[in-house]
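Visitor: Take a look at this one; I'll ask things after.
The values are calculated or read from the model by the stated rules, or taken from the named source; none is laboratory data. All figures in this text were calculated on a predicted structure; none of them were measured in a lab. Note: ideal-geometry Cβ built from the backbone for every residue, glycine included; neighbour counts use all protein chains shown.
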Amino acid sequence: MPDLAIQPPHTSAAAPAAKAKGKQQRGKAEILGERAIEALIYLCGFSAIIFVFGIFFFVFREGAPFLAKLNIREFLFSTDWFPTSQTQAKYGVGALIVGTLSVTVLAMVIAVPFGLGAAVFVSEFCTGKVKETLKVVIELLAAIPSVVWGFIGLTVMSPIIINTFHVPIGVNMFNGAILLALMSVPIMVSIGEDALKAVPDTYREASLALGATKWQIVYRVLLPAAKNGLLAAVLLGVGRAIGETMAVLMATGHSVRIPDSIFDPVRTLTATIAAELGETSKGSDHYQVLFLIGILLFSITFVVNLTADIIVKGIKKK
Amino acid sequence: MKIKLTLMTVVAAALALAVSGCNKSGDGAGGGGGGKKTAIANVGSDTMVNLAIAWADAYSKVDPSVSVEVNGGGSGQGVAALINDACQIANCSRQFEEKEIADFKSKHPGKEPKEFMVGYDALSVFVHKDNPMTQISIEELQQLYMKDGKIAKWSELGVNNIPGAKGDEVILVSRQNNSGTYHYFREAIVGKKNEMRLGTVDMNGSKDVVDLIAKTPNAIGYSGMGYATPAVKQIKVSKKKGEPGVAPSIATTLDKTYPIARPMYMYTAGDPAPHIKKYLDWIMASPGQKIVEETGYVPLPKK
């Protein structure tokens, strides 16, 4: 009886008749209002999908005309990025892809131990005020705007890196990776903590009853039990790192080259779009190539997020 | 600034429609009667675009009845727009070429493009303040910044023992590849036929170049003269190796001895309409020239 709730109490004696009567009692305006609200709620639900497809459509529409002219192999693997050359423009984003991937991987090498370590600590080793304070501070870390991170990289970390590691330039892959690590740690901590919280307490109790130490519980029981959630935490951190723009634009050195060491400056896909799109004339080849880079980025983050999503779904089924 | 630029494009398009609408009703001069804003379309050089926007912003307070819509795209686009009547003022970081003047005359019989010099663009070469280098030649800069250029180490420039430097590598600081500064530097130093070296550290603003060099003893870079700070050193530039270098300054820019400087122009189609003339006069007088200096360019000599 789906519409039981809207029946007035005195009609509940004779169910079928009351049903008909109840329907008659609802005015036209009421029905219309309900329909409208229903539609609104549907729209809210679908809007995210509409926006994602809309963005993809517009990015694709701007970049697509160049696809016909594009040599895909040269685009993906060449390192010659001369979009404004006066003799022969070349659009090879190989070095930019390597830049994005290398910065992201290095950032994850730094961030994963810290992020997951912090998640374990917050979830298992501290209680009460310490726990609350830590959570607030970590969330504060996520609230720092990326341009501020970039500024810190450019002005504070750059001279420190030069003098500590005796390298000629301080804005480089390492600088960018540290910033990206700091930016993705908060995501990893909060999602990682949720994953650990989702492990039933009976696991912990059973382990304790068997005489396991706290470290043994974490290492042998909790980490294996929460591994999907932790992996999803890492992947969302990766997504954050790949998509980040402003901080890497300012801190990686923005230099088209295949790096030999972690102290070489690199250039990422996102930073290239940010730096060059603003002053490119609309509809030109260069403009379209920048949108193609956008499509490439979109695909990369889509795959990463989808993987994370599938893994999280995997947890829920359990 | 970039967001502002797109906004301006939209506003310009809207206003262009509005103005063309009222022109049809017989008001050919587009005169600002009845509190309606008169639009001046200003298209051209990317080098000048920030300056042109700064002028337009400031002028909107001086004369609220006129609104100046600025668009970049390059000097060539400005020239084309002026020839096709798509703008009233063309910004050019070079003079009209002969062919362009001929094109203009064939479209506008009896008129000539009228030139107004509005300031200078001078690029300084910067190194870290502790770097002992005092001058560099155009040839050396070319070998540094050109693709497959021969110079990559400080010792090859005759500079040793830079305090604080790590290793001998020259860190080349450059700009993103569609900035006007980059274009001018490439044209003046590397040459139109050659490519810039890949692997330069490309900063996203004139000020960022200076900030990075201030923190990097191994670096060399170029930026507008107005961006100099005490943390970096401007070095003298000579045309050929061995010749005495010229220090960048307003004086050396004006007497044309400094090799990496160029005048900036604005062009109108024949004699400008009164409201445009008023705008150009304001630009060339002291309030406009103060903005030139503030945005990092070299103002016109004081009369």
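Visitor: For the range A:140-163, which residues satisfy the criterion of being surrounded by 19 or more Cβ atoms within 10 Å (Cβ to Cβ) and either closer than 17 Å to B:I171 by Cα or more than 26 Å from the chain's Cα centre (by Cα) (or both)?
Guide: A:L154, A:S158, A:I161, A:I162
Visitor: Report, by residue number, each residue of the range B:163-198 that is within 10 Å of another protein chain (Cβ to nearest Cβ) and over 27 Å from B:R262 (Cβ atoms).
Guide: B:G164, B:A165, B:K166, B:G167, B:D168, B:E169
Visitor: Is it the case, given these coordinates, that B:G119 is farther than 26 Å from A:D264 by Cα and in contact with a helix residue (DSSP H, G or I) (Cβ under 8 Å, 6 or more places away or on another chain)?
Guide: Working: farther than 26 Å from A:D264 by Cα: yes; in contact with a helix residue (DSSP H, G or I) (Cβ under 8 Å, 6 or more places away or on another chain): yes.
Judged against the criteria, B:G119 is a match.
Visitor: Something else now. Check A:E30, A:E74, A:E38, A:E34 and return the single one that is closer than 24 Å to A:L96 by Cβ and modelled with pLDDT of 85 or more.
Guide: Answer to the selection: A:E74.
Visitor: Hey, could you check the range B:118-163 for residues that are closer than 30 Å to B:G270 by Cβ and out of contact with any Phe, Trp or Tyr (no Cβ under 6 Å at 6 or more places or on another chain) and say which is modelled with the lowest pLDDT? Give the derivation first.
Guide: We begin by selecting, within the range B:118-163, every residue closer than 30 Å to B:G270 by Cβ; these are B:118-121.
Those left that are additionally out of contact with any Phe, Trp or Tyr (no Cβ under 6 Å at 6 or more places or on another chain): B:118, B:120.
On the way: B:V118: 94, B:Y120: 90.
Only one residue fits best here, namely B:Y120.
Visitor: Let me ask something additional. Does B:K129 count as surrounded by fewer than 16 Cβ atoms within 10 Å (Cβ to Cβ) and either within 14 Å of chain A (Cβ to nearest Cβ) or closer than 26 Å to A:G278 by Cα (or both)?
Guide: Yes; evaluated as a whole, the condition is true for this residue.
Visitor: Write out, first by first residue and then by second, each pair whose Cβ atoms fall under 6 Å of each other, whose residues are 6+ apart or on separate chains, and whose first residue, in the range B:180-206, is more than 14 Å from B:Q143 (Cβ to Cβ) while the second is aromatic (F, W, Y).
Guide: B:F185/B:Y222; B:S206/B:Y227
Visitor: Is it the case that A:I97 is within 20 Å of A:V304 (Cα to Cα) and of a type in the set (V, I, T)?
Guide: yes
Visitor: Separate question: Conditions: (1) touching a helix residue (DSSP H, G or I) at 6+ places or on another chain (Cβ under 8 Å); (2) part of a loop (DSSP other than H, G, I, E, B); (3) farther than 29 Å from A:D201 by Cβ. A:A271 meets all but one. Number of the miss?
Guide: Answer for A:A271: the failing condition is (2).
Visitor: Here is a follow-up. Which of the helices (runs of 4 or more DSSP H) contained wholly in the range A:119-210 include at least 3 residues that are under 18 Å from A:V234 (Cβ atoms) and away from chain B (no Cβ under 14 Å)?
Guide: A:128-143, A:173-197
Visitor: Something else about it: When the residues of the range A:256-270 are narrowed to those that are within 28 Å of A:A143 (Cα to Cα) and touching a strand residue (DSSP E or B) at 6+ places or on another chain (Cβ under 9 Å), which ends up nearest to the other protein chains (Cβ to nearest Cβ)?
Guide: The selected residue is A:P265.
Visitor: Does at least one position in the range A:238-260 carry a residue that is surrounded by fewer than 21 Cβ atoms within 10 Å (Cβ to Cβ), part of a loop (DSSP other than H, G, I, E, B) and without any contact (Cβ under 8 Å) to a residue 60 or more places away in the chain?
Guide: yes
Conditions (1) surrounded by fewer than 20 Cβ atoms within 10 Å (Cβ to Cβ); (2) under 22 Å from the mean Cα position of the chain (by Cα); (3) not β-branched (V, I, T), marked per residue:
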{"residue": "A:N172", "(1), (2), (3)": "no, no, yes"}
{"residue": "A:A181", "(1), (2), (3)": "no, yes, yes"}
{"residue": "A:D194", "(1), (2), (3)": "yes, yes, yes"}
{"residue": "A:K197", "(1), (2), (3)": "yes, yes, yes"}
{"residue": "A:P200", "(1), (2), (3)": "yes, no, yes"}
{"residue": "A:S207", "(1), (2), (3)": "yes, no, yes"}
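Visitor: Continuing with this model, one more query. Among the listed residues B:S137, B:S155, identify the single one that is among the hydroxyl-bearing types (S, T, Y), within 14 Å of chain A (Cβ to nearest Cβ) and out of contact with any His (no Cβ under 9 Å at 6 or more places or on another chain). Don't jump to the end; show me each part of the working.
Guide: On the way: B:S137 fails: within 14 Å of chain A (Cβ to nearest Cβ).
So the residue among B:S137, B:S155 that is among the hydroxyl-bearing types (S, T, Y), within 14 Å of chain A (Cβ to nearest Cβ) and out of contact with any His (no Cβ under 9 Å at 6 or more places or on another chain) is B:S155.
Visitor: Oh, and also: Here are the criteria: (1) assigned to a helix (DSSP H, G or I); (2) within 30 Å of B:K147 (Cβ to Cβ); (3) not aromatic (F, W, Y). Tell me which single one A:Q88 does not satisfy.
Guide: (1)
Visitor: Could you list, in sequence order, the residues of the range A:94-118 that are within 14 Å of chain B (Cβ to nearest Cβ) and out of contact with any Phe, Trp or Tyr (no Cβ under 6 Å at 6 or more places or on another chain)?
Guide: Within the range A:94-118, A:A95, A:L96, A:V98, A:G99 qualify.
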